[in-house]
Structures are given as structure tokens and as C-alpha cells.
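Following: one structure in C-alpha cells, then a few remarks.
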Amino acid sequence: MRAITKRELKAYFTSPIGYVCVAMILALYGYYFFQVLMLRSSSYISSVYATMFIWSMMIIPIITMRSFSEEMRNRTDQALLTAPVGVTSIVSGKFLAALAVYAIAMVGTLIPVAVIGLFSAPEWALIFGNFFGSLLYGAAMISIGIFISSLTQSQIVAAIGTFGISILLLVVDQLTGLVSNPAAVKLIGWLSFNTRYQPFTKGIFDLSSIVFFLSVIAVFIFLTARKLESRRWS
């Protein structure tokens with residue numbers, strides 16, 4: 001798994017994808033943090049992470065689109081599938097590499113926060129809550145994107161498919177106004193990434209939300225591994 005993670009990380013940063021995605025995330029965070037500086041109030045830092053929730057969900061499909069689609073298109077997946085390594089290790093290695101790209105960008109967002117902290121007293125519990133929540137929903141979205149990538153040879157289709165699911169997860173909680181059944185409303189709220197992320201914006205490390213995101217990661221890594229397993233023996 002470690003070798004696959006290293007191989008994938010190298011692939012991300014020997015092509016423009018890794019640099020472009022990190023630069024896009026940092027540029028957007030930089031824009032919003034600049035506005036916080038202009039407002040001269042560190043209380044708006046948590047709203048930057050809340051705003052970036054939407055942008056991150058849009059950028060993550062670009063990170064994951066190449067995971068398996070590129071392997072299938074270049075037919076290098078056959079060497080991967082016949083290698084003496086379990087399919088779960090293959091999927092986990094690719095997942096960790098994509099997560100590392102996203103995490104590098106997220107760690108970079110703490111630099112302007114630290115600079116702002118030199119001149120004010122930001123609420124660090126809120127900031128770290130937002131940071132931790134951002135990593136969790138990002139990891140969950142990456143696991144979904146990698147699964148979509150395992151279904152198609154086209155990186156464009158993989159990106160659009162993951163982007164579509166991102167949109168659905170962003171607006172699903174708005175569907176509660178269209179549904180009258182209390183059980184359906186509760187289910188929609190339970191599935192909403194936005195609803196699950198909200199406790200972290202208040203500095204609350206909500207255990208049920210943590211378990212939810214970790215469960216999403218486990219389910220989609222499992223599904224991707226099963227998809228690879230079926231191709232290995234087909």
C-alpha cells in the first residue's frame with residue numbers, strides 16, 4: 001500500500017493536476033482570508049472554511065478523476081491487478097495519495113490563519129473544528145470520487161459523475177422543504193454532508209458526524225475494492 005501511495009503521489013506532482021488543485025484551493029482560501037484581513041476581525045475565519053465547503057466539493061472531483069480511469073485507459077491497470085497485493089491495499093493507496101494532495105492544500109490554509117493570529121486572538125477551537133471537518137468531508141468525497149473513477153475509462157466522465165454527486169450532496173438538505181414525511185426528512189438530513197459538517201463550524205467534534213464520514217469512506221473503499229476484485233477475476 002505504501003508503494004502505491006508513493007507512486008500515486010509522484011504521479012500527482014509530475015503532472016499539473018496536483019499543483020493545479022492545491023493552487024486552486026489555496027488561491028480561493030487566500031481570497032477569502034484577504035477579505036477577513038480587510039474586515040479586521042478574526043471572527044470571520046470560521047466563515048471562510050464554511051464558504052470553502054462548497055468550493056472544495058467542486059475541486060475534489062478533479063483530484064480523483066484520474067485514480068483508476070487513467071489506469072484503465074492506458075491499460076496499466078492489468079499490471080496493477082496482477083501484482084501480489086490485495087485490492088483493498090490498491091484502493092487504500094490511491095485513496096491516501098488523493099487525500100494527501102487535499103491535506104497539503106488544507107495545511108497551507110493554516111498559514112494565513114497563523115498570520116492573522118499574530119495580530120488578534122482567533123477562536124482556535126472553531127478554526128480547528130472547521131479544519132478537521134473539512135478534512136473529514138474531503139476524505140469522504142475522495143472515497144466517492146475514486147469509486148466513480150473505477151467505473152469508467154474516461155477521466156472527464158469520472159469528474160462529471162463525481163461533480164454531480166457533489167452537487168446532490170450539497171443540495172440534498174434543501175429537499176426537506178419538498179418532503180412532508182418526517183422519516184424522509186430525517187433520512188435526508190442524515191445523508192446531507194452539509195448538515196454533518198455544521199457541528200464542526202461551531203467547534204463541536206460531533207461523534208455521530210465523525211462516524212458518518214468514516215463510514216462513507218469505508219463503504220466506498222469497500223465498493224471500489226469489490227469492483228477491482230471483479231475485474232481481476234474476469
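The values are calculated or read from the model by the stated rules, or taken from the named source; none is laboratory data. Because the structure is predicted, anything quoted here is derived from the model rather than measured. FYI the Cβ positions are ideal-geometry reconstructions off the backbone, even for glycines, and counts take in every protein chain you see. The accessibility values were calculated without ligands, DNA or RNA, using every heavy atom of the protein model including side chains. Shrake-Rupley method; radii C 1.70, N 1.55, O 1.52, S 1.80 Å.
How much accessible area per residue does the range 100-234 have, counting only protein heavy atoms and a probe of 1.4 Å, in square angstrom?
49
Å³ per residue of the Cα convex hull, for the chain? All intermediate terms of the calculation are to be shown ahead of the outcome.
Numbers: hull volume 31.2 nm³, N = 234.
Given the Cα convex hull of the chain, per-residue volume reads 133 Å³.
Which lysines, on any chain, are close to Lys227 with Cα under 26 Å apart, when same-chain ones fewer than 8 places away are left out?
Correct list for Lys227: Lys6, Lys10, Lys94.
On a straight-distance basis, which lysines could pair with Lys202 in a cross-link, Cα separation under 27 angstrom, same-chain partners fewer than 8 positions away excluded?
Filter leaves Lys186.
Please list 3J(HN,Hα) in residue order for the range 101-115, calculated via the Karplus relation 6.51 cos²θ - 1.76 cosθ + 1.60 where θ = phi - 60°; whole Hz, with x for glycine and proline.
Taking θ as phi minus 60°, the curve returns 4, 5, 5, 4, 5, 5, 5, x, 5, 7, 5, x, 5, 5, 5 Hz for the range 101-115.
Going 7 Å from the Cα of Ile204 along its beta-carbon direction, which residues of the range 50-82 have the amide nitrogen within less than 20 Å of the resulting point?
Of the residues in the range 50-82, 50-51, 53 have backbone N under 20 Å from the label point off Ile204.
Report, to the nearest whole %, how much of the accessible area of the range 124-198 belongs to carbon and sulfur atoms, 1.4 Å probe, protein only.
Taking all protein chains in place, the range 124-198 shows 75 percent carbon and sulfur surface.
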